[in-house]
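Student: Just passing along the structure, written as structure tokens.
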Amino acid sequence: MISITHIDKVAFIELNAPPVNALGLKMRQVLAVTISELGDDDKVKAIVLCSALPLFSGGADIIEFRTGAVWDKPDLPELCVAIEKSSKPVIAAIAGAAMGGALEVALACDYRVATPDAMMGLPEIKLGLLPGSGGTQRLPRIAGLEAATTMILSGNPVKGDYALSCGLVDALFESGQNFRTHVLDFAKAVSREEDPKRRCADMIVIHPDPKGFLAAFRDKIAAKSKNLVAPERCLTSIEAACALPLDEGLAQEKAGFADLLDTPQSLAGRHLFFAERECTKVPGVDRTDRPRDIATVAVIGVGTMGRGIAITFLQAGFPVTLVETTKTALEQGLEDIKSHFQRAVQKGRLSPELAEAFTSHATGTLDYSELAETDLIIEAAFESMNVKRQIFEALDRHAKAGAILASNTSTLNLDEIAATTSRPEDVIGLHFFSPANVMRLLEVVRGAKTAPDVIATAIAIAKKIKKRPVTVGVCYGFVGNRMLEPYFREGSRLLLEGATPKQVDDALESFGMAMGIHAMADLAGIDVGARVRQERRSEIAHDPTYQVLQDKLFELGRLGQKTGRGSYLYQGRERFEDPEIVQISSELAERHAVVRRDIDDQEILERCLYPLINEGFLILEESIATRPGDCDLVWVNGYGFPSWRGGPMHYADEIGLSQILERMNYYRNTLGAYGEMWFTPAPLLKELATSGVTLAAHFDAKKEKS
Ligand code: NAD
């Protein structure tokens, strides 16, 4: 777990607890004892805390947050105080990442040295917490109020150079073999000083106007931190650092941390944290399934999605070949990609050299034979089975053996696409979201015959292009769009029953959705949904009111933002209510004998969210998604579901499954034929609600069994 080496009266404590040197109870106990013993050892003049792993430490063991062991003695705040109180100077030598509790331990040391590429951060706010082991008290004293507030409130790490400039570290040494020699020299120099201890308790936060600064900071983040509890607690704690002695500030911080630990927002944050780590574990895919080498990429169809996908891969350093049906479309696509990078240069987000390099890596062709050596080919052409069939037949003829053939289809049956080739095991869905170069979500669609190493490759590639991969099975709409369907259906139906688009959207946005459903439909284009429905008429024919309003808007040419009118009126991107929508809704309601009435916000939320959750239960029952957290990641990363609520399935557990079941049944019984059509509770929802088991507990038990 740790090893101790003595060189020239300097004791090196080397952490060695793979994978991340987590600061769980055992590690804390060992460190506390070691620091105390070395403190009492006359032969030791200085202590260095360093790591044998490629990182310093990932910080607290957050499984302890769940089990309560986080408070077992010595807890992390106590360990930090013990380091601070050691009679010997302690130097943290940071190479690689020092995150959360690890940085707090380093802050309790007298000195910090690091490599230029070391990453140091306090990401607790991302878990709905505050840094509870002295981070809010020591960082402002050491690195200054402005740097500390930005780091704590953003949760983002800083690198060595910045850390040196703000005083967070005292020296930078290049990583590699000489790092340790430099650290040793540094420790020896420090130990020769008359009073080598540099206790935080003796420091104050130096700033001309801490109150004014924090008030302005609070205003600046107000919109972003709406609904969140952790930012205010972080700010209050930093305020305490400016006003109180260290020990009083630490006590206040610890109380704040304990309060936040039990909040639903922190539970949601930790749920997503674990979901992100779990989502790359895919049943049937294991370590023996080595990812295939991907050095070259091709994208077929350079429309909205193809362009975004190409940009994503170019930015990650891949050469990309683009394929179109005409020379004009191809040139236009290449031109658009070039302009994208030029705009990034103009906005100062990209260097001209990189823009030039990315652009020069994009080439085009109309000829499939030029894809003969390509490793990964992603089709993003029109959403038509005929078009996809032709493309995959051509790919089957021209692509080399072992090339991965991917489709970005959002609704078509991947197995049918795969069957058009002689190598369905190499076919996979890579479902990007629009804009593909911005949205983090990537649904990796596993066909019935997709080979495990192809899935492993998709997951490995997702990491390289900085996407969050969630592996899903084949069904209409996969996970995201399938859950969207009932959500959107209810959002539209409510307009027939008497709500307005603004009322529906306001209720959803107050709940925390990034954008209301009608604003979202206007943004995506009313025509997109209408075209998809045209293909599925037979499946939805049993409900004559199904999306009639959306179809009407399509018929009227009200296609959303792009035509300046959809469910709203637009001036630029600003939306305004349109009284005509009420009139159209009333006429349609009358035609379909839908009774109009006042609808309150609670009904809007229940009607939109509970069927969405119910669909999630069906998806889990059918094993289209592996675990509830996968559905949550899809909705948080792809559909603007508030992360502080943990995603729809986590939220379902929070409000209680029996409550959802009860309300599903209520609407089933009170909405007449419509209710009977659409409000049938999923069997798994019924089973768990009746037996009083949460969805999370049900899946935990399932995992333990397997
Ligand atoms: P688009 O109409 O903007 O672009 C399609 C492009 O494909 C056009 O440039 C067209 O010329 C080209 N094309 C058509 N047939 C071709 C062929 N045989 N060979 C080469 N190129 C061909 O469409 P889009 O919105 O980019 O959608 C593309 C795919 O991505 C569809 O399958 C769609 O369902 C899926 N998708 C779209 C979105 C979205 O929000 N637009 C999101 C996720 C997935």
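The values are calculated or read from the model by the stated rules, or taken from the named source; none is laboratory data. Keep in mind that this is a model prediction, so the values were computed, not measured. Neighbour counts are summed over all protein chains in view; Cβ atoms, including those assigned to glycine, are modelled from backbone coordinates with ideal geometry. What goes into the accessible areas is simple: the full protein's heavy atoms, side chains included, and nothing from ligands, DNA or RNA. Shrake-Rupley method; radii C 1.70, N 1.55, O 1.52, S 1.80 Å.
Student: Among the residues of segment 467-493, count how many are of a type in the set (A, V, I, L, M), over 30 Å from ILE581 (Cβ atoms) and under 19 Å from the mean Cα position of the chain (by Cα).
Tutor: Looking only at that region, the number is 3.
Student: Another one. When the residues of segment 655-667 are narrowed to those that are of a type outside the set (A, V, I, L, M, F, W, C) and farther than 17 Å from VAL594 by Cβ, which ends up nearest to the chain's Cα centre (by Cα)?
Tutor: Applying the filter and picking the extreme gives GLY656.
Per-residue answers, yes or no, for (1) at pLDDT below 95; (2) touching a helix residue (DSSP H, G or I) at 6+ places or on another chain (Cβ under 7 Å):
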{"site": "ARG287", "(1), (2)": "yes, no"}
{"site": "ALA295", "(1), (2)": "no, no"}
{"site": "ALA298", "(1), (2)": "no, yes"}
{"site": "GLY301", "(1), (2)": "no, no"}
{"site": "LEU314", "(1), (2)": "no, yes"}
{"site": "PRO319", "(1), (2)": "no, no"}
{"site": "ARG349", "(1), (2)": "yes, no"}
{"site": "ALA357", "(1), (2)": "no, no"}
{"site": "SER360", "(1), (2)": "no, no"}
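Student: Please work out which residue is farthest from the ligand (Cβ to nearest atom), limiting yourself to segment 397-408 and to residues that are surrounded by 16 or more Cβ atoms within 10 Å (Cβ to Cβ) and among the small types (Gly, Ala, Ser).
Tutor: Among them, the one singled out is ALA403.
Student: Give PRO579, PRO611, PRO544 a once-over and let me know the one that is on the phi < 0 side of the Ramachandran plot and in contact with a Pro (Cβ under 9 Å, 6 or more places away or on another chain).
Tutor: Exactly one residue qualifies, and that residue is PRO611.
Student: Please enumerate the residues belonging to segment 588-604 that are open to solvent by 90 Å² or more (accessible area, probe 1.4 Å), of a type outside the set (Asp, Glu) and assigned to a helix (DSSP H, G or I).
Tutor: Passing the criteria: ARG591, GLN602.
Student: May I pose another question? Restricting attention to segment 525-551, report how many residues are among the β-branched types (Val, Ile, Thr), outside any helix (DSSP H, G or I) and within 16 Å of the ligand (Cβ to nearest atom).
Tutor: 0
Student: Against the condition modelled with pLDDT under 95, in the same structural domain as HIS207 (by TED's automatic domain parsing) and over 28 Å from the mean Cα position of the chain (by Cα), how does PRO89 come out, does it pass? Quick ask: steps written out before the conclusion?
Tutor: Working: modelled with pLDDT under 95: no; in the same structural domain as HIS207 (by TED's automatic domain parsing): yes; over 28 Å from the mean Cα position of the chain (by Cα): yes.
Answer is no for this residue.
Student: Then there's this: In segment 552-587, how many are in a strand (DSSP E or B) and within 25 Å of THR304 (Cβ to Cβ)?
Tutor: Qualifying residue count, segment 552-587: 7.
Student: Tell me, which residue of segment 308-330 that is within 11 Å of the ligand (Cβ to nearest atom) and touching a residue at least 60 places away in the same chain (Cβ under 8 Å) is farthest from ALA458 (Cα to Cα)?
Tutor: Among residues in segment 308-330 that are within 11 Å of the ligand (Cβ to nearest atom) and touching a residue at least 60 places away in the same chain (Cβ under 8 Å), the one farthest from ALA458 (Cα to Cα) is GLY308.
Student: Here's something else I'd like to know. Just need a number here: residues in segment 331-346 that are among the small types (Gly, Ala, Ser) and within 10 Å of the ligand (Cβ to nearest atom).
Tutor: Residues in segment 331-346 being among the small types (Gly, Ala, Ser) and within 10 Å of the ligand (Cβ to nearest atom): 1 in total.
Student: Would you pick out the residues in segment 56-79 that are surrounded by 23 or more Cβ atoms within 10 Å (Cβ to Cβ) and over 19 Å from VAL20 (Cα atoms)?
Tutor: none
Student: Something else about it: I'd like to verify a number: residues in segment 414-466 that are under 26 Å from the mean Cα position of the chain (by Cα) and acidic (Asp, Glu), how many?
Tutor: Of the residues in segment 414-466, 2 are under 26 Å from the mean Cα position of the chain (by Cα) and acidic (Asp, Glu).
Student: With respect to PRO123, is the statement that it is open to solvent by 20 Å² or more (accessible area, probe 1.4 Å), in contact with a Gly (Cβ under 8 Å, 6 or more places away or on another chain) and touching a residue at least 24 places away in the same chain (Cβ under 8 Å) true?
Tutor: So PRO123 passes the test.
Student: Being over 26 Å from ALA268 (Cα atoms), in contact (Cβ under 8 Å) with a residue 24 or more places away in the chain and crowded, with 20+ Cβ neighbours inside 10 Å is the requirement here; does LEU23 meet it?
Tutor: It is false that LEU23 is over 26 Å from ALA268 (Cα atoms), in contact (Cβ under 8 Å) with a residue 24 or more places away in the chain and crowded, with 20+ Cβ neighbours inside 10 Å.
Student: I'd like to check which helices (runs of 4 or more DSSP H) are fully inside segment 635-706 and have at least 1 residues that are modelled with pLDDT under 95. Step through it out loud before you land on a result.
Tutor: Values: elements: 648-655, 657-670, 672-678, 683-691, 695-705.
Correct list: 672-678, 695-705.
Student: Between residues in segment 233-257 that are farther than 20 Å from PHE217 by Cα and residues that are among the basic types (Lys, Arg) and open to solvent by less than 60 Å² (accessible area, probe 1.4 Å), which pairs lie under 8 Å by C-beta distance while being six or more apart or on different chains?
Tutor: What qualifies is LEU246/ARG138; LEU246/ARG141.
To keep it simple, each residue is scored yes or no on (1) over 40 Å from the mean Cα position of the chain (by Cα); (2) part of a helix (DSSP H, G or I); (3) modelled with pLDDT under 95.
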site	(1), (2), (3)
SER3	no, no, yes
ILE13	no, no, no
ALA17	no, no, no
LEU23	no, no, no
GLN29	no, yes, no
ILE47	no, no, no
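Student: Ok, one more. What about GLU485, is it open to solvent by less than 10 Å² (accessible area, probe 1.4 Å), assigned by TED's automatic domain parsing to the domain that holds GLU606 and under 20 Å from LEU609 (Cβ atoms)?
Tutor: Against the criterion (open to solvent by less than 10 Å² (accessible area, probe 1.4 Å), assigned by TED's automatic domain parsing to the domain that holds GLU606 and under 20 Å from LEU609 (Cβ atoms)), GLU485 does not qualify.
Student: Moving to a separate point now. What pairs come out if I take residues in segment 366-394 that are farther than 18 Å from GLY429 by Cβ and in the same structural domain as PHE433 (by TED's automatic domain parsing) and pair them with residues that are open to solvent by 20 Å² or more (accessible area, probe 1.4 Å) and within 10 Å of the ligand (Cβ to nearest atom) whose C-beta lies under 6 Å away, six or more apart or interchain?
Tutor: Correct list of pairs: ALA394/TYR368.
Student: Still on this structure, please answer the following. Would you tally the residues in segment 488-520 being in contact with a Pro (Cβ under 9 Å, 6 or more places away or on another chain), assigned to a helix (DSSP H, G or I) and either open to solvent by 20 Å² or more (accessible area, probe 1.4 Å) or within 16 Å of the ligand (Cβ to nearest atom) (or both)?
Tutor: Residues in segment 488-520 being in contact with a Pro (Cβ under 9 Å, 6 or more places away or on another chain), assigned to a helix (DSSP H, G or I) and either open to solvent by 20 Å² or more (accessible area, probe 1.4 Å) or within 16 Å of the ligand (Cβ to nearest atom) (or both): 2 in total.
Student: Only one of THR457, THR420, THR411 is within 16 Å of the ligand (Cβ to nearest atom) and in contact (Cβ under 8 Å) with a residue 60 or more places away in the chain; which?
Tutor: Going through THR457, THR420, THR411 in turn, the sole match is THR411.
Student: Surrounded by fewer than 18 Cβ atoms within 10 Å (Cβ to Cβ) and at negative phi, is that true of SER133?
Tutor: Values: surrounded by fewer than 18 Cβ atoms within 10 Å (Cβ to Cβ): no; at negative phi: yes.
For SER133, the condition - surrounded by fewer than 18 Cβ atoms within 10 Å (Cβ to Cβ) and at negative phi - is not met.
Student: I'm checking my understanding of the structure. Among residues of segment 291-303 that are in a loop (DSSP other than H, G, I, E, B) and within 15 Å of the ligand (Cβ to nearest atom), which one is surrounded by the fewest Cβ atoms within 10 Å (Cβ to Cβ)?
Tutor: Selected residue: GLY303.
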